Structures are given as C-alpha cells and as structure tokens.
1. Can you tell me which condition residue 326 does not meet? The list is (1) surrounded by fewer than 17 Cβ atoms within 10 Å (Cβ to Cβ); (2) in contact with a helix residue (DSSP H, G or I) (Cβ under 8 Å, 6 or more places away or on another chain), and all the others hold.
2. Specify which of the listed residues (436, 371, 339) is of a type outside the set (Gly, Ala, Ser), surrounded by fewer than 22 Cβ atoms within 10 Å (Cβ to Cβ) and touching a Lys or Arg at 6+ places or on another chain (Cβ under 7 Å).
3. Are any of the residues in the stretch 116-138 over 24 Å from residue 319 (Cα atoms), assigned by TED's automatic domain parsing to the domain that holds residue 338 and aliphatic (A, V, I, L, M)?
4. Can you tell me how many residues within the stretch 28-48 are buried (at least 18 other Cβ atoms within 10 Å of the Cβ) and at pLDDT 70 or above?
5. Is it fair to say residue 392 is assigned by TED's automatic domain parsing to the domain that holds residue 294, not charged (D, E, K, R) and not in a strand (DSSP E or B)?
6. For the structure I just gave you, tell me whether residue 130 is of a type in the set (Phe, Trp, Tyr), free of Cβ contacts under 8 Å to residues at least 40 places away in the same chain and buried (at least 21 other Cβ atoms within 10 Å of the Cβ).
7. Given the condition touching a Gly at 6+ places or on another chain (Cβ under 8 Å), crowded, with 20+ Cβ neighbours inside 10 Å, free of Cβ contacts under 8 Å to residues at least 60 places away in the same chain and closer than 29 Å to residue 76 by Cβ, answer yes or no: does some residue in the stretch 199-220 qualify?
8. In the stretch 61-101, what count of residues is obtained for those that are at pLDDT 95 or above, of a type outside the set (A, V, I, L, M) and in a loop (DSSP other than H, G, I, E, B)?
Amino acid sequence: MSRGKGLAYLFMLAIALSGCAQASRASDSSADIFLPDDRPLRAAAPVDMLRCTDRSTIPALDNVTNAIWSPDSSAVAMSRISVIPSHTTITGYEEQLRITVYYLESGRVQEIGQGSRPQWSGSGAYLSYWRDDGYLYVNLAGTIAGTIEASSPEVRWSGDDLYYWYADEIRVWRAGVAETIAHVDPDLIPRYPRDDSYFSADAKRFTIARYSLDVTATGEMRKLEDENTTFTEWAPSGETLLVRSNAKLALIDASGAEESAAMSTFGGAVHGWTADGRLLVGAVSATVPGGNVFDRIPVWDPTDEQDKAIATLPNLFGTRSFSPDGRWFTGVSRTGLYETQLELYRCGVASGQGVDLRADPAARSRLGRIEDASRRFIRPVAGAVSQFLQGSHTGVDIAAPYGSIIVAADDGVVDAAGWVQVGGRRVCVQHAEGFESCYYHTSAALVSIGDHVARGQPIALIGMTGATTGPHVHWEVKENGRIVDPLSH
C-alpha cells in the first residue's frame, strides 16, 4: 500500500461471449462520406492520412464536452452543455449535459435528450448513454431499446454486446436481455463515483483504480509494477494499455510485454491515438481560441525501426480523436471565455492544401471576442460546471471525460505540482496581480514547477484523484491568498 502517490490498477480477464446476430445498422448515411459543402481533393502529390488540415463547414454545434465516432465514421455522438434555470445554485442556473448526434452525409442534427457518455455499439445500430437518474439507456433508430440498471456509467460495446458493472457483477446486455458473466471480490467492487473502471477496446480486460483521501488500496488482481503510475488508458483497439507517470510512458500488451520511454525524450507531454491504434506524443500549441495553429505531433515507435511518421493536426482541445476510418479529426475550439464549438477536419490532405489558419478570419474573430471580454480567466477544460463556489465549496467543479486536457486559465508560472489530501494531484499557477489558480483531482501533470505557461496551454489531464464524485477538475482561484470566484474574474 502506498500513501500520497500512485494509483493501484487492478486487472481481471472478463469472459468474452460470442454475440447474437447483429442488428442492422441504424444510420443516416453510407460509408462513402462527403459533407454537403466538401470540396474534392485535387491532390497531385501523394496524400498523407495523418495530415488533417482541411476544415469542413458543419452546423453550429456549441459547448461540446466530448465527441464519439460511430464505427463506420458516418456520425458523431456528443455531449453538449445546456443551461437551465435552478433554484438551488447561487447563480440561478445550472449546466446540464444533453446528447446530440450529427450525421455527416446528410448534415442532419438529431437531439436525443438529457445524458452523457455516449457510446456506439460495434455495428453502429445502438447508442448507449448515461442519465442523471443513474440508468444506462440504449437508443435504437431513435427509440429506447433498453433501460439498464448499472452501478457505473463506464461501459464497453463488443459488437452489439454491452458490458457493464452491477455491484460485484460484470454483466452483458444483448438485444434486450442481460446476464451475469463474472463476479469480482466484494472488496474490489468499483464504487462509482469514488472509484472508476474502464474496459479494454475488446472488453476482455479492465482496469480499476481505487481512490481514497490519501491511500490507494491493492487487491488480488494483477497490479501494475510502477507505483508512481498516475494515468492509464486503453488503446482504441485490442488490449494494449497506456501507462503514464510523471517520468515515464509505457505501452503494455495483453501478454504483459512492455515498451517504455522517459517522458523527457518526447517533444511534448500530450498524447493521442491514430485511427489504426498508433500512439502520438508531442506538444499542443498554447493559443487561447484553439484551432488556429497546426501542430506536428510524432508517432511514437518504441522499436525505432519504422519511418518517423508525423501527424499534422489543429491545436483543438476537448476530446481530440480520429474517426475510425482515419478520414477525419475532431475536437473543439473556443468561441468565448467559456464557450466552445465542435470542429471537423478532413485528413489525407496533400502538402500545400487545406486551410491557412494564419489568414483564417474565423479564428481571428474568435480570438477577438475572447480578448475583448471583461474577464481574464478562460474555462480550463471543455466540460460542464457541476458545482459552483458557494457555501463551504471553495472552487468551481467542471466535469469532463477522464483524460481530457486541462489548460491554464491565464498566463503565469507553475508554483505547485503534486499530491495533497482531499484534492489529490494538483497543478497551481501563479498569475500577475496576486492571483493564483489551482487545478485539483488531475491524473497526469503536463508541466513542472517553475515552468512559464501561457493562457490556453495544456497543464494536466482530467482525473479522479483525491476525494471526487466522478472525473472533474476542482478549479480554485485565490487573490492575494483569499478565495475568489474564478467565474467573476
């Protein structure tokens, strides 16, 4: 048992059952995708599928917190923030998440309703999501095909089989029928929202991270050897696990074989995945609006035997991801201090083609609105406020998907990075005029004490360390040592 640092990650092989015949895909489009206003690529030079520089014009989809591609890349399901009146918050309003689906070929936008954490089934026929009432919902062709009582919102589809947790049971929902396929030790039950658990892409393995105020418990399952581990993430396919600490990054395959490298050997600390499951590690440019600079992020090849592939990507934030077919890259840009919008870029663009962001009037307009704002702090993550500064709560909680990028709310110098009780792993930035902002419950720090950071620069990843109620960042601001509301400055 380690105190004050490290997460104990526990593994168990979940029994994979063969699925029934898959339901036909309920889609609004075909596999050959063209947006209504897309321009055909006139590339005389060879195209580069990791060069995503051709921005597509799509309907205005604002305040997106995450975006999940359908398996055939024909649609994007997303959680979006909706502001509703509230009699319980000091602000008189609260932020609620709702599910929206955008179909690329037709341009149709479908509103599903209140919910978060959308996930597509392997065929694309089903879309599952979590609601605030504590149930999983399964949507089929616009209708509710299933309402599932689950103890955690984290699920994984394998084909059209939905794997999920119910207390100490791993269950599978298949065409309206649920069955238990495995049990875990009662002492190791993931108790959401204090704990979290994630299934591998094929649902054959999972991780559990057990958090408390300052102690990480271990159990009989297979434990990662590095007690300094701060972040894990399954690859988008198979059973490869990414493991990060402040000093090292490693990939562990299903056999337990590990490839690793020191974080200091990379040109940046932000990671991502290509459509075919290769790992990208590099720097994301620190600009306030986002989506106004193209970054070159190398593919990490631990064998060092292949050509050095480099992805050219817009510096979007939020959930940055390729479509499964590799033809699109998506994320969000900032349209105001707190507002965002979904962006979609075409990949496979030849050198010299695509949008010139340096002369992009839309990006300049977004930056102008932000610079003209009367307040200084930008929202540090693409997420919804789940708790405001009121009563004994000393900051603003912003819920976002695990692993989302947290950025500095303003220019400054990193003056703290490490573990504290209750708050878990934190990063603090000292700003001008006596202001300091701190970001708690993070998983991986992307900066170190003494680093100069710019407003909008990635500094950490969303986590669940310390005492939490789900993946979020506790954003706390002090002015000359006194707690103040970050939303007022």
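The values are calculated or read from the model by the stated rules, or taken from the named source; none is laboratory data. Since we're looking at a predicted model, the values are computed, not measured. Note that we place each Cβ from the backbone using ideal geometry, even for glycine, and neighbour counts take in every protein chain shown.
1. (2)
2. Working: 371 fails: touching a Lys or Arg at 6+ places or on another chain (Cβ under 7 Å); 339 fails: touching a Lys or Arg at 6+ places or on another chain (Cβ under 7 Å).
Answer to the check: 436.
3. The first filter runs over the stretch 116-138 and keeps only residues over 24 Å from residue 319 (Cα atoms), leaving 133.
Now drop any that are not assigned by TED's automatic domain parsing to the domain that holds residue 338, which leaves 133.
Narrowing the set further to residues that are aliphatic (A, V, I, L, M) leaves none.
Looking through the stretch 116-138, none of the residues is over 24 Å from residue 319 (Cα atoms), assigned by TED's automatic domain parsing to the domain that holds residue 338 and aliphatic (A, V, I, L, M).
4. Step one: of the stretch 28-48, the residues buried (at least 18 other Cβ atoms within 10 Å of the Cβ) are 29, 33, 48.
Going one step further and asking which of them are at pLDDT 70 or above, we end up with 48.
Qualifying residue count, the stretch 28-48: 1.
5. Numbers: assigned by TED's automatic domain parsing to the domain that holds residue 294: no; not charged (D, E, K, R): yes; not in a strand (DSSP E or B): yes.
The answer is no for residue 392.
6. yes
7. Checked the stretch 199-220: at least one residue is touching a Gly at 6+ places or on another chain (Cβ under 8 Å), crowded, with 20+ Cβ neighbours inside 10 Å, free of Cβ contacts under 8 Å to residues at least 60 places away in the same chain and closer than 29 Å to residue 76 by Cβ.
8. Final tally of qualifying residues: 6.
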